[in-house]
Amino acid sequence: MRPVGTVTFLFTDMEGSTRAWEAHPKETHVALQCHDEIVTKAIEANRGTIILERGEGDSIFAVFERASDAVAAACDLQSALSKQKWPPEVPLRVRVAIHTGETGADYRGPHINRAARIRAIGHGEQILVSGVTAGIVRGTLPDGASLIDLGQHRLRDVSDMEHVFQLAHPDLRENFPPLKSLSNFRQNLPVQLTSFIGRRRERKEVGALIGDHRVVTLIGSGGSGKTRLAIQIGADGLEQFPDGVRFVDLAPLNDASLVVDAIASAVGIKLEQGISVIDALVRALTGTKTLIIIDNCEHVTKACAHAVSGLLRAGESVRVLATSREPLGLAGEMTWRVPSLSLPDDATRIEEIGESEAVQLFVDRASAARPGFNLTSAIAQAITDICRTLEGLPLAIELAAARAKVLAPQQIRDRLSDRFRLLTGGLGRHQTLRSTIDWSYDLLSEKERALFRRLCVFAGGFDLPAVQAIWPHGDPLDHIEQLVDKSLVTVEQFTDEKLRYRLLETLRQYGAERLAEAGEEDDARERHFAHYLGVAESAYAQRIEHEAEMLASLEADHDDFRAALEWSRSQPRDLLRLASSLGWFWHLRSHYREGRTWLEQALALNPTERSRERARALWALSMILNWQGDVAAARPLAEESLALWRTTDDPLELALALESVGWSHFAASNYSEALRSMEDCVEAYRRLGSAKLITRGRVAVGQMLAALGDVERTEPLARETLAEGRAQGEPKFVHFSLHYLADCALWRGDAENAVQLYSESLRAALDYGNEMEAATEMQGMAMGLMGSGRAEEGFRLYGRSCARFTELQTTMVDEVAFWVKFRERYLPPARERIGAAAAEKAEKEGRSMGWEQALAYAFQLAR
């Protein structure tokens, strides 16, 4: 009898089996027969049950009641396979994944999906073990076996990170390349909160089209699954596009002129004075193998077509995958209509019905709505009828499946049938989807409908206080809970203490139409703007004492700040208030281009202002310009901000403005002037009496001393501010203090110590989310490695840090004189030691790394 409940899954597959079958079918057949015998023997000898033999990719799927038996079986089969002599044409290499979780008799669900995804990131001859299983089997491993911690990894089609371990044994190979997880590729694909169902044929076909055509557009009505399919195809193609897979979501965009900027932001390009954004994109992408996914093009089709036409100038290896309800209209564009999910057709046996993608999707989402829901013979026909009625449309099926929480499948079918008998045809699938959403909407109470309409003003995720702000009828909690239950709103885990909500784009567009029809849009958007202005100003007021918390909060709401800024364009004063409140956030979170654009626009629309808001905006813009390397433009803005603050009675803002002048001197390499400004700041901060402000000022002084090369004064000050930062729980102060100590190590020529200090500073920079500073620490590590005899490793990190600066659109490290001196001191000797060709090769390897992969590599080098 097959085990159910809490079991351990073992997945195998043969690496490169497709190529082997195509090139050497006879030899592969013989090798696979031997493989099957070895794997089956190992599984059965360790009390396992084979569920699927010879699945996709010559895989085997087995289940064990005990996790230790699964690990033993994996060890035995891999050891036996390694000792077998294989035909030279078929170097058989098998990868194995093990994971423990709950399952029913149908062996479907999230844990099976997770096990398969863990297998997908491994290499031939490697055994990967999930974090859950690793926790169970510690102490019961086979003799001589151990677990190697490979860290946290993001898996394809899985929302949360997985802690992955490798099973090691003296009989097995131990060294492998980095895992093929999303974390180790250059990509920005959105995290998916639900499992991806089916679409194997579609993924293969579209993947082949992308190989043959430079522009492929997925066409389909809202809810047909275009976005989800595009994201999955992007994940499938990560290895084929080593220079990056970049996802651009145009859904929140109202202004067609910002399409190119959105693409530039996703790609991460270096912008230069006098060069258009599209030309900068072409320059950055030329010679790369990059896939750009542009999602939701239908409302800005002409702008998308113009942008894509420009991108194609970057060369044959740059490919574009777009999603739209209509073609872009480009010459050479290959359009591909997204089909419905496969239906059961005339199937009557439950096994055949369960093979339908539409049925699989319904069962998966229904089991999420009602735990324990399974496909059984008693309900199979009703589910089949539902999926046929909904014509296999994914969003329509998900909405219907959400009703499984309170209705049996037969009841859902009957209600759908009643609804659809009222329809008059002519609009096909779009009418099917529209009617399904209408059905879900009509089943809501009046208060639930009103709330759903208003939620459509949110551009991204939102929290409960935001809902309360746009809802004028009391406490909305019960109503939003009902919307979640009915799959009209999804829930996201933001932190351990906080949840956030989100609407699918198709539902948001539907609700926006309803909102306009009800005459409620202006009121909802005014409330939306007022709420996010309040959030931004509150964060601004708390930025000194609660900086890290406020930065994380603002980042989570960034899409809605963009929507609020768009809404306020017609009200220049409101635009200035909001933009000036967000300027410090854009600066510290490295959103340089976006922040600069909004701040410059807000200042231009309020040219005669002499307000606090103008002073705030000038301060923020000067800081951003400094960090972008536009030093000449930054200094006058900082001085104007200082002059404005001198007309007020706000000593805090006056001191901060004085600090910004100091940073302008620093960016211009005027370190003595900068030091004087920062010392004046410390005195001003002392008068204010805030311990965090005093430490902030002392940290700034430390930067100037380090830049001057004054090691004797820098080191004791940095140790003091390091201790203060740790006591205050401020990762920024910890980061900068460690950075200055590392700078001192480079000044002294103590390169090995510099590597350790920069690596610690890198962790602290990541803790408070400053990507520009993180890239700086990585470059510092690179120079330390070069100076301590590890030149190749150093050039890899140097290459990735330079690429990161380009992505962040900053040239500050190229302008600051003391940092340039470090590079002149450490790079040329290292390049001479290993040769220019080896240095160039290592630097290129570094540039091709994903950011997360490069971070893991950096921390490994610092051990």
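The values are calculated or read from the model by the stated rules, or taken from the named source; none is laboratory data. None of the values given here were measured: they were computed from a predicted structure. Here Cβ is always computed from backbone atoms with ideal geometry, including for glycine, and neighbour counts include all displayed protein chains. Surface areas here come from the heavy atoms of the whole protein model, side chains and all, with no ligands, DNA or RNA. Shrake-Rupley method; radii C 1.70, N 1.55, O 1.52, S 1.80 Å.
Give segment 31-50 a look and list any residue that's within 14 Å of PRO87 (Cβ to Cβ) and either touching a Pro at 6+ places or on another chain (Cβ under 8 Å) or surrounded by fewer than 22 Cβ atoms within 10 Å (Cβ to Cβ) (or both), or say none. Quick ask: steps written out before the conclusion?
Of all residues in segment 31-50, those within 14 Å of PRO87 (Cβ to Cβ) come to 31-35.
Hits for segment 31-50 are ALA31, LEU32, GLN33, CYS34.
Every residue in segment 380-398 that is more than 19 Å from LYS226 (Cα to Cα) and either of a type in the set (Ser, Thr, Tyr) or surrounded by fewer than 21 Cβ atoms within 10 Å (Cβ to Cβ) (or both), please.
Filtering segment 380-398 down to residues more than 19 Å from LYS226 (Cα to Cα) leaves 380-386, 388-389.
The answer is GLN381, ALA382, THR384, ASP385, ARG388, THR389.
Please tell me if GLY799 is of a type in the set (Gly, Ala, Ser), open to solvent by less than 10 Å² (accessible area, probe 1.4 Å), outside any loop (DSSP other than H, G, I, E, B) and more than 23 Å from GLY709 (Cα to Cα).
Working: of a type in the set (Gly, Ala, Ser): yes; open to solvent by less than 10 Å² (accessible area, probe 1.4 Å): yes; outside any loop (DSSP other than H, G, I, E, B): yes; more than 23 Å from GLY709 (Cα to Cα): yes.
It is true that GLY799 is of a type in the set (Gly, Ala, Ser), open to solvent by less than 10 Å² (accessible area, probe 1.4 Å), outside any loop (DSSP other than H, G, I, E, B) and more than 23 Å from GLY709 (Cα to Cα).
Does THR227 qualify as being in a helix (DSSP H, G or I), of a type in the set (S, T, N, Q) and in contact (Cβ under 8 Å) with a residue 60 or more places away in the chain?
On the way: in a helix (DSSP H, G or I): yes; of a type in the set (S, T, N, Q): yes; in contact (Cβ under 8 Å) with a residue 60 or more places away in the chain: yes.
Yes, satisfied.
With the requirement that a residue be open to solvent by less than 20 Å² (accessible area, probe 1.4 Å), in a helix (DSSP H, G or I) and without any contact (Cβ under 8 Å) to a residue 60 or more places away in the chain, what does segment 346-379 give you? Give the steps one after another, and end with the answer.
So in segment 346-379, the residues open to solvent by less than 20 Å² (accessible area, probe 1.4 Å) come out as 347, 353-354, 356, 358-359, 361-363, 366, 373.
Still in the list and also in a helix (DSSP H, G or I): 353, 358-359, 361-363, 366.
Within segment 346-379, ILE353, ALA358, VAL359, PHE362, ALA366 qualify.
Out of curiosity, is SER183 assigned to a helix (DSSP H, G or I), open to solvent by less than 40 Å² (accessible area, probe 1.4 Å), over 16 Å from VAL132 (Cα atoms) and modelled with pLDDT under 80?
Numbers: assigned to a helix (DSSP H, G or I): yes; open to solvent by less than 40 Å² (accessible area, probe 1.4 Å): yes; over 16 Å from VAL132 (Cα atoms): yes; modelled with pLDDT under 80: yes.
Against the criterion (assigned to a helix (DSSP H, G or I), open to solvent by less than 40 Å² (accessible area, probe 1.4 Å), over 16 Å from VAL132 (Cα atoms) and modelled with pLDDT under 80), SER183 qualifies.
Among (1) within 30 Å of SER435 (Cβ to Cβ); (2) open to solvent by less than 50 Å² (accessible area, probe 1.4 Å); (3) at pLDDT below 95, which single condition is ILE544 missing?
Result: ILE544 fails condition (1) only.
In this structure, does ALA322 turn out to be in a strand (DSSP E or B), of a type outside the set (Val, Ile, Thr), surrounded by 15 or more Cβ atoms within 10 Å (Cβ to Cβ) and within 25 Å of the chain's Cα centre (by Cα)?
Details: in a strand (DSSP E or B): yes; of a type outside the set (Val, Ile, Thr): yes; surrounded by 15 or more Cβ atoms within 10 Å (Cβ to Cβ): yes; within 25 Å of the chain's Cα centre (by Cα): yes.
It is true that ALA322 is in a strand (DSSP E or B), of a type outside the set (Val, Ile, Thr), surrounded by 15 or more Cβ atoms within 10 Å (Cβ to Cβ) and within 25 Å of the chain's Cα centre (by Cα).
Quick one: how many residues across segment 625-676 are hydrophobic (A, V, I, L, M, F, W, C) and in contact with a His (Cβ under 6 Å, 6 or more places away or on another chain)? Don't jump to the end; show me each part of the working.
Here is the first cut: in segment 625-676, the ones hydrophobic (A, V, I, L, M, F, W, C) are 625, 627, 631-634, 637-638, 642-645, 652, 654-658, 661, 663, 666-668, 674-675.
Right, trim to in contact with a His (Cβ under 6 Å, 6 or more places away or on another chain) and you get 674.
Residues flagged as hydrophobic (A, V, I, L, M, F, W, C) and in contact with a His (Cβ under 6 Å, 6 or more places away or on another chain) within segment 625-676 amount to 1.
Filtering segment 468-489 down to residues that are in a helix (DSSP H, G or I) and of a type in the set (Val, Ile, Thr), which residue is nearest to ARG403 (Cα to Cα)? Even if it seems obvious, please write down each step before you answer.
So in segment 468-489, the residues in a helix (DSSP H, G or I) come out as 468-470, 477-485.
Those left that are additionally of a type in the set (Val, Ile, Thr): 470, 480, 484.
On the way: ILE470: 27, ILE480: 16, VAL484: 11 Å.
This residue is VAL484.
For segment 810-863, give me each residue that is within 21 Å of ARG186 (Cβ to Cβ), in a helix (DSSP H, G or I) and modelled with pLDDT under 85.
Residues satisfying the conditions are VAL813, SER848, TRP851, GLU852, GLN853, ALA856, GLN860.
Every residue, every condition in (1) open to solvent by 30 Å² or more (accessible area, probe 1.4 Å); (2) in a loop (DSSP other than H, G, I, E, B); (3) of a type outside the set (Val, Ile, Thr), yes or no:
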| site | (1), (2), (3) |
| --- | --- |
| ALA20 | no, no, yes |
| HIS29 | yes, no, yes |
| ALA73 | no, no, yes |
| PRO91 | yes, yes, yes |
| ASP106 | yes, yes, yes |
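Do we have any residue at all in segment 812-825 that's out of contact with any His (no Cβ under 8 Å at 6 or more places or on another chain), closer than 30 Å to ALA633 by Cβ, open to solvent by 30 Å² or more (accessible area, probe 1.4 Å) and among the aliphatic types (A, V, I, L, M)?
Yes, there is a match, as at least one residue in segment 812-825 is out of contact with any His (no Cβ under 8 Å at 6 or more places or on another chain), closer than 30 Å to ALA633 by Cβ, open to solvent by 30 Å² or more (accessible area, probe 1.4 Å) and among the aliphatic types (A, V, I, L, M).
Could you identify the single residue in ASP649, ASP710, ASP750, ASP680 that is out of contact with any helix residue (DSSP H, G or I) (no Cβ under 9 Å at 6 or more places or on another chain), charged (D, E, K, R), over 21 Å from ARG589 (Cα atoms) and open to solvent by 10 Å² or more (accessible area, probe 1.4 Å)? Spell out the reasoning first.
Working: ASP710 fails: out of contact with any helix residue (DSSP H, G or I) (no Cβ under 9 Å at 6 or more places or on another chain); ASP750 fails: out of contact with any helix residue (DSSP H, G or I) (no Cβ under 9 Å at 6 or more places or on another chain); ASP680 fails: out of contact with any helix residue (DSSP H, G or I) (no Cβ under 9 Å at 6 or more places or on another chain).
Going through ASP649, ASP710, ASP750, ASP680 in turn, just one is out of contact with any helix residue (DSSP H, G or I) (no Cβ under 9 Å at 6 or more places or on another chain), charged (D, E, K, R), over 21 Å from ARG589 (Cα atoms) and open to solvent by 10 Å² or more (accessible area, probe 1.4 Å): ASP649.
Determine whether segment 307-314 contains at least one residue that is closer than 27 Å to GLU566 by Cβ, of a type outside the set (Val, Ile, Thr) and open to solvent by 20 Å² or more (accessible area, probe 1.4 Å).
Taking segment 307-314 as the starting set, the residues that turn out to be closer than 27 Å to GLU566 by Cβ are 307-311.
Pick out the ones that are also of a type outside the set (Val, Ile, Thr) and you get 307, 309-311.
In the following step, the residues that additionally are open to solvent by 20 Å² or more (accessible area, probe 1.4 Å) were identified as 309.
Yes.
Got a sec? Which helices (runs of 4 or more DSSP H) wholly within segment 490-587 have at least 1 residues that are over 21 Å from CYS456 (Cα atoms)? Talk me through it step by step, then tell me what you get.
Details: elements: 505-517, 521-542, 547-556, 558-567.
Counting at least 1 such residues, we get 521-542, 547-556.
Only one residue in LEU238, LEU328 is open to solvent by less than 20 Å² (accessible area, probe 1.4 Å) and modelled with pLDDT under 90. Which one? First the steps, then the outcome.
Working: LEU328 fails: modelled with pLDDT under 90.
Step by step, each of LEU238, LEU328 is checked, and only LEU238 is open to solvent by less than 20 Å² (accessible area, probe 1.4 Å) and modelled with pLDDT under 90.
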